[in-house]
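The values are calculated or read from the model by the stated rules, or taken from the named source; none is laboratory data. Computed from a predicted structure; not experimentally measured. Every residue, glycine as well, gets a Cβ built from its backbone with ideal geometry; the counts of neighbours run over all protein chains shown.
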Amino acid sequence: MSIEARRAIDRLPLLAGVPEAARARLAAAARPVRYREGEVVFRRGDPGTDGMLLVLDGVVRLHLATHAGRELTLGLAGAGEPVGEVALIDGGPRSADCTALTPVSGLLVRHADAAAVLAEDHATALALLRTLAARLRRTTEQTEAVALRPLPQRLATALLKLAAADPAGLVRLPQGQLAALVAATRPKVNVLLVEWRAGRLVEPARAGLRITDPPGLRALAEAD
């Protein structure tokens, strides 16, 4: 078990109520994984036997395809955040697609390993289920909030997340991909970015876009 894996598992809010010995077992069983930019992590309907992905570095996108062929972004997960928590418990099919937006490194905690720990320790099982239930409630609220939030908030949130995952602090996605990510048209995204450049919130860089006023952009992202 690597020190990094143990620290990542210990810091995960999802496992905060799980006893230390059980967290140590899960960390020891975790498998390091890497994904290239644009690589599919899993698709909707795939078996969930791989369980939960804990992102250590980079950003993944959870999304669904509509019947009309459009994609709906459900959320982004960055360093320290889990993806596929429900599969950790039941190993059931994935409920959404997951794609690496940037190069990603992470840990996979398999359903079978989690099930073995839960079967031996009812207190651990109850603690994990309580935490998971609370997290699912918050996730539903967050998904509803994202769907109803204005475009400036959605775009600001995405830019902050992407920049935080980049070693140089840049947003490297082209405008077309940014637009798809925030469920908007490219012209609308372009208008906002022009405004934000004039307001010195962001600036163009050779390899992408640089956030020049993180507090200002964060204020936009968190506006009611």
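What to note about this one:
- Filtering Ala100, Ala87, Ala79 for residues that are closer than 21 Å to Leu12 by Cβ, surrounded by 19 or more Cβ atoms within 10 Å (Cβ to Cβ) and modelled with pLDDT under 90 leaves a single hit, Ala87.
- Any chance Arg154 is at pLDDT 85 or above and touching a Ser or Thr at 6+ places or on another chain (Cβ under 8 Å): no
- Residue match in the range 105-116 (condition: on the phi < 0 side of the Ramachandran plot, in contact (Cβ under 8 Å) with a residue 60 or more places away in the chain and of a type in the set (Lys, Arg)): yes
- Taken over the range 1-17, the criterion of being within 22 Å of the chain's Cα centre (by Cα) and of a type outside the set (Lys, Arg) is satisfied by Glu4, Ala5, Ala8, Ile9, Asp10, Leu12, Pro13, Leu14, Leu15, Ala16, Gly17.
- Among the conditions (1) in contact (Cβ under 8 Å) with a residue 60 or more places away in the chain; (2) over 21 Å from Ala165 (Cα atoms); (3) part of a loop (DSSP other than H, G, I, E, B), the only one that Arg94 does not satisfy is (1).
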